[in-house]
Amino acid sequence: MRITAWWRGISPRRRLMLNSVAVVVVAAVAATAIATSGTKSAPDAGTPDQNRPGPVLLVPGYGGGQGALDELAARIRQATGRSTEVLTLAGDGTGDLVEQAAVLAEAVERAYAQGAPSVDVVGYSAGGVVARLWVSREGGDHQARRVVTLGAPMHGTGLAAAGGALVPGGCPAACVQLAPGSALLQELAKEPIPATLPWLSLWTEQDETVTPPESARVDGAVNVALQQVCPGNGATHGDLPTDPAVTEIVLQALGTTPLEAPTDCLSS
């Protein structure tokens, strides 16, 4: 009643002005809702410009540990000035790899929504399989400028198979998916890396976690064993994100020159 009385006490001219303001506000809110609902900022066609590097997203391995990748992210940021982000995976990094790929897809969408010209992805260990799923199922082939994977069990690892055999029912979703011959890996094996997407797969012959280490080899990528470039390098699986030689190879791969297998062992 008080509002009605207040409204009646306003002059017709002022009522008209307030009505006009209300119409403008409602229209603006409606326009914003329409513009932000169901739209995507990340491209769903074409490929990013290789000469316009954007943010680098780093995907942790099984278990979701971020410590080692934080070091690599800091080194990339320091050397290139590019923004970097280490993702926090769903299910503490042991859950469904498909759900983890969705986390990567959301991070890419955010980066493009914030004006990124492109996105590069670095996947460590199982994070490399996550990156491959994203490319295969989430449109990453149109959104990634470059992908680098480190010790990624693209064809599975005997460790996962052994874990499932030793502790029946004690192998989480990602563990089951990373066993050689799993339905997920068989499906991915039928899909080579798109020819338009520069991809470096790097692994160490001293890998004790991804067995055999050559499981990291993937059709369509530039496949490189660390010891091919740096003979005698003793880096193990856990050393890959922080090994100086690996870091230099990653920095080179994330540049703007054509992605090729490194020929020199560089470290700082």
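Nothing in this text is a laboratory measurement; each read-out follows from the coordinates by a stated rule. Small disclaimer: the values here were computed from a predicted structure and weren't measured. Here the Cβ is made from the backbone with ideal geometry for all residues, glycine too, and neighbour counts use every protein chain on show.
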For L200, distant residues with modelled amide H under 5 Å away: V147, V148, T149, V222
Net length gained if the chain between D92 and D44 were fully extended (0.36 nm per residue, minus Cα distance): 14.4 nm
Karplus (6.51, -1.76, 1.60) ³J(HN,Hα), θ = phi - 60°, over region 198-214, in Hz, Gly and Pro reported as x: x, 9, 10, 10, 10, 9, 10, 5, 8, 5, 9, 9, 8, 10, x, x, 5
For region 117-268: span of alpha carbons on each principal axis (Å, largest first): 47, 37, 21
Amide hydrogen neighbours beyond the local backbone of T84, cut-off 5 Å, H modeled: V56
Hz values of 3J(HN,Hα) by residue in region 82-95 - Karplus curve (6.51, -1.76, 1.60), Gly and Pro given as x: 7, 6, 9, 8, 9, 6, 9, 7, 5, x, 6, x, 10, x
Protection proxy ranking of 201-207, 234-240 - average other beta-carbon atoms within 10 Å, highest first: 201-207, 234-240
